[in-house]
Amino acid sequence: MSETCQNRVGRKEFRKRICWSAWVAVAILGAGLLAPALPQLGSRPPKEWIERLERPDRVAKLETERVVSALKVKNGDVVADIGAGSGLFSRPLARAVGPAGKVYAVDINQELLDYTAQRARQEKITNIQTVLGEPVDPKLPPGGVDLIFICDVLHHIEHRQAYLSKLPRYLKPGGRLVILDFAQNWPEGHEEMRFEVADVEAWVKSAGFRRVQAFDFPKDAFFHIYERE
């Protein structure tokens, strides 16, 4: 066989293999064996997140102690801080529920969870348990939580209604869901993440919740408490 013929055969075989590989990939993806990653919106390096989340001006604006006080958690309650980040709210929540209570600090980034655990040790807080969640599920103990707290996190979740629909299964009877997020004056760079408060109300209603309380602080935010219907 001439060299030219060999080259033609080689190219033909190469195309066959490429086509076969493409079909295999499509079949695997269609079977759910090669699910694409679902990164949350607006991702940053963990170190940058920690610096940003713990900024004194942000802490002051969020009125963390006032927010925690408004939740009226009881000694022994179990709270899930979803999107805990640096643990800014996990720490005061853990103090509020007392040694008999527990706070699940949930995040999808292990480095942030490591920082939360480190800060808890430094501050001698022993009732925070870190949980490595998933972008589509917080991975909490079913029926084991009194209050789910989501602060400045919902706008980072890509599939918000689907995520919220999974939360009722993690709450105890009479359990509550708290959402605190931007209502107006969204920061620059949040354009793709923006939503209206009316959108949130529709999502939580679809997930089986009803609003029972609303607060007029922090500034530029909505702070709502929901219960299961």
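Quick look at the values:
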| read-out | value |
| --- | --- |
| Exposure proxy order (Cβ contacts within 10 Å, fewest to most) of D77, D199 | D199, D77 |
| Debye log10 I(q)/I(0) at q = 0.09, 0.10 Å⁻¹ for the stretch 117-229, Cα point scatterers | -0.26, -0.33 |
| For the stretch 46-228, share of DSSP beta bridges that run antiparallel, in % to the nearest 5 | 40 percent |
| Residue among L154, P187, N75 farthest towards the positive dipole end of the stretch 46-228, charges placed on Cβ | N75 |
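Only the coordinates and a few stated rules stand behind these numbers; no lab work does. It should be emphasised that the depicted structure is a prediction, and the values quoted were computed from it without experimental measurement. Cβ coordinates were reconstructed from backbone atoms using ideal geometry, including for glycine residues, and neighbour counts include every protein chain displayed.
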